[in-house]
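As structure tokens, the structure follows; a few thoughts come after it.
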Amino acid sequence: MAKPKKPRASAPDPSAAAARLPWHPPAPPVPTALLISLAALLIRVLVSVGPYSGQGAAPKFGDYEAQRHWMELTLHLPPSDWYRNTSDNDLAYWGLDYPPLSAYQSLLHGRVINASLPEAVALRSSRGYESLESKLLMRWTVLSSDLLVFFPAALWFLWAYMKGGVGISGEERREGWMWLLAMVLISPCLVLIDHGHFQFNCISLGLTLGAIAGVLSRNELVAAALFTLAINHKQMSLYFAPAFFSHLLGKCLKRKYPVVEVMKLAFMVLGTFALVWWPFLHSYEAALQVISRLAPFERGIYEDYVANFWCSTSVFIKWKMLFAMKPLKLMSLSATILAFLPSFVQQVKSPSNLGFLYSLMNSSFSFYLFSFQVHEKSILLPLLPASLLALKEPQMYGWFVYFALFSMYPLICRDQLLLQYIAVLGLFFLIYYSPGGSHGKRLKISCGAKVVLSLPFICSLLLHITYLQIEPPKRYPFLFDALIVSVSFSQFVILTLYTNYKQWMLDTHSRSIGVKKDL
């Protein structure tokens with residue numbers, strides 16, 4: 001007698017099967033994320049082998065010496081003398097000009113270096129100290145900061161972004177998370193500035209990225225604390241403040257008890273500020289001394305060649321000669337507010353996670369283009385939210401990365417990091433154009449628009465070569481710097497107009513498809 005056949009198992013329901021896949025809930029597989037992180041770390045290590053800002057350039061050297069000097073000061077002096085001119089702290093020689101959290105970071109790293117190489121951070125006698133051992137230790141401080149702050153924040157953001165599906169389809173979530181993680185971690189400008197030039201932007205940007213992940217994952221109190229810490233590490237993090245404020249305010253206003261929600265966020269911000277500033281709150285003078293170091297108005301509306309409005313237009317309008325300090329500050333403040341106001345209003349009116357990411361870019365771009373005393377390295381701030389939008393706006397991000405790097409080209413050449421510049425840029429675009437990457441989402445651009453867009457790219461290629469091979473006229477020694485700034489500025493204006501437009505179009509799109517806001 002034949003055995004009865006067992007009923008054949010029916011094919012699993014696709015939606016039920018998808019729910020068991022590792023990306024739903026959308027957390028990337030650990031081994032792959034680890035490999036991408038290790039590759040990003042290796043790139044940083046290779047860049048850090050090269051020169052750094054001010055290497056061998058006495059008497060003040062450069063940013064490397066500034067960071068080392070701050071470790072020396074915070075290690076040997078009490079907090080009351082960190083921001084005050086004394087016999088042991090000459091503010092004219094790389095005086096500390098970042099908020100208290102940055103000083104605590106210098107103290108921590110100073111103690112680590114002091115335990116291994118005390119002569120590298122000895123009070124007074126260590127000025128300009130350069131040795132192979134000190135370089136390795138200093139480079140290690142940046143690498144460890146990146147690993148401890150920026151990398152975990154990037155992974156948290158990726159998890160929150162994929163879980164929420166911020167403006168992307170399920171297929172994009174499944175196939176694009178690896179590419180997006182690589183775009184965030186292998187950021188050429190950040191790698192060259194932190195691990196080549198030598199700074200600690202990875203900490204403030206990492207804290208900001210953690211705050212963004214907190215917003216996307218609805219941990220808003222955590223987000224408020226992290227963003228407050230970012231501001232207290234580098235005051236330039238305020239570039240993102242209008243976006244955070246408008247988005248969180250817009251959410252609070254749409255909830256049942258808006259006043260209570262706002263008060264909770266306010267207490268978290270004030271409590272975090274009080275905790276960080278506690279050593280300087282014993283007197284009004286002590287707090288004022290710190291604040292006065294954070295706003296270098298005496299340097300003028302711009303210092304080096306930077307691709308923003310004031311520097312780019314100074315070829316035709318001599319702002320420093322025509323206007324005194326006070327009207328320049330007022331003009332700068334007004335222009336900055338007007339630039340971020342549309343983005344601000346949109347998020348208060350219709351807060352959304354995708355709108356928040358656009359708002360972060362628009363807000364930071366407004367400060368970069370119009371605020372007072374901007375450094376060329378500040379382009380890192382709008383680059384952060386641009387990288388977070390890479391899956392949604394791949395063409396925009398690739399274009400932005402190229403011209404952001406180009407805007408820093410004179411700085412890179414001064415630091416003798418040209419080889420690293422070419423290598424990191426080439427590697428980035430190799431990954432950017434990798435099979436399966438999101439660069440394939442082509443924009444519909446007319447032939448005329450393509451010709452117009454190709455002109456600045458061709459100009460940039462010519463200026464890359466000209467800057468190295470041809471001496472500028474003696475009458476105009478910074479001619480090529482000014483041309484690089486002007487070309488980059490023109491592209492930044494186009495990009496910020498585009499992202500402002502895209503943010504405002506979100507309202508129209510949401511109404512047409514009836515999207516429910518994530519509050």
Practice item. Return a yes/no flag: does region 132-152 have any residue that is outside any helix (DSSP H, G or I) and surrounded by fewer than 20 Cβ atoms within 10 Å (Cβ to Cβ). Key: no
Review point. Only one residue in LYS320, LYS254 is surrounded by fewer than 21 Cβ atoms within 10 Å (Cβ to Cβ) and touching a residue at least 24 places away in the same chain (Cβ under 8 Å). Which one?
Key: LYS254
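Answer yes or no as to whether LEU265 is farther than 23 Å from ALA386 by Cα and in a helix (DSSP H, G or I). If you could, list the steps in order and put the result at the bottom.
Values: farther than 23 Å from ALA386 by Cα: yes; in a helix (DSSP H, G or I): yes.
Here the answer is yes, as LEU265 does meet what is asked.
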Check your understanding: Which of the residues that make up region 339-376 are touching a residue at least 24 places away in the same chain (Cβ under 8 Å), of a type in the set (A, V, I, L, M) and either touching a strand residue (DSSP E or B) at 6+ places or on another chain (Cβ under 6 Å) or part of a helix (DSSP H, G or I) (or both)?
Key -> ALA339, VAL345, VAL348, LEU354, LEU357, LEU360, MET361, LEU369
Exercise for review: Filter region 27-60 for residues that are assigned to a loop (DSSP other than H, G, I, E, B) and of a type in the set (Ser, Thr, Tyr) and give the result.
Suggested key: TYR52, SER53
Exercise for review: For region 87-123, name all the residues that are within 28 Å of the chain's Cα centre (by Cα), touching a residue at least 40 places away in the same chain (Cβ under 8 Å) and not in a helix (DSSP H, G or I).
Suggested key: LEU91, GLY95, LEU96, ASP97, TYR98, PRO99
Exercise for review: Answer yes or no: is there a residue in region 412-424 that is buried (at least 22 other Cβ atoms within 10 Å of the Cβ), at pLDDT 95 or above, touching an Asp or Glu at 6+ places or on another chain (Cβ under 7 Å) and farther than 25 Å from LYS502 by Cα.
Suggested key: no
Exercise for review: Search region 28-43 for residues that are free of Cβ contacts under 8 Å to residues at least 24 places away in the same chain and pair each with any residue that is open to solvent by 50 Å² or more (accessible area, probe 1.4 Å) and outside any helix (DSSP H, G or I) when their beta-carbon atoms are under 6 Å apart and the residues are at least 6 apart or on different chains.
Suggested key: PRO29/PRO22
Review point. Residue check: is ALA103 within 30 Å of LEU506 (Cβ to Cβ), among the small types (Gly, Ala, Ser) and buried (at least 17 other Cβ atoms within 10 Å of the Cβ)?
Key: no
**Study point:** Residue satisfying all of: in region 106-131; open to solvent by less than 10 Å² (accessible area, probe 1.4 Å) and of a type in the set (Ser, Thr, Tyr); farthest from LEU143 (Cα to Cα) among these
**Key:** SER126
Check your understanding: Pick from region 467-486 the residues that are assigned to a helix (DSSP H, G or I) and open to solvent by 30 Å² or more (accessible area, probe 1.4 Å): which of them is farthest from ASP304 (Cα to Cα)?
Key -> GLN469
Exercise for review: Determine, yes or no, whether PHE429 is outside any helix (DSSP H, G or I) and open to solvent by 10 Å² or more (accessible area, probe 1.4 Å).
Suggested key: no
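The values are calculated or read from the model by the stated rules, or taken from the named source; none is laboratory data. The structure displayed is predicted, hence computed values, not measured ones. Cβ coordinates were reconstructed from backbone atoms using ideal geometry, including for glycine residues, and neighbour counts include every protein chain displayed. The area values use the complete protein model at the heavy-atom level, side chains included, leaving out ligands, DNA and RNA. Shrake-Rupley method; radii C 1.70, N 1.55, O 1.52, S 1.80 Å.
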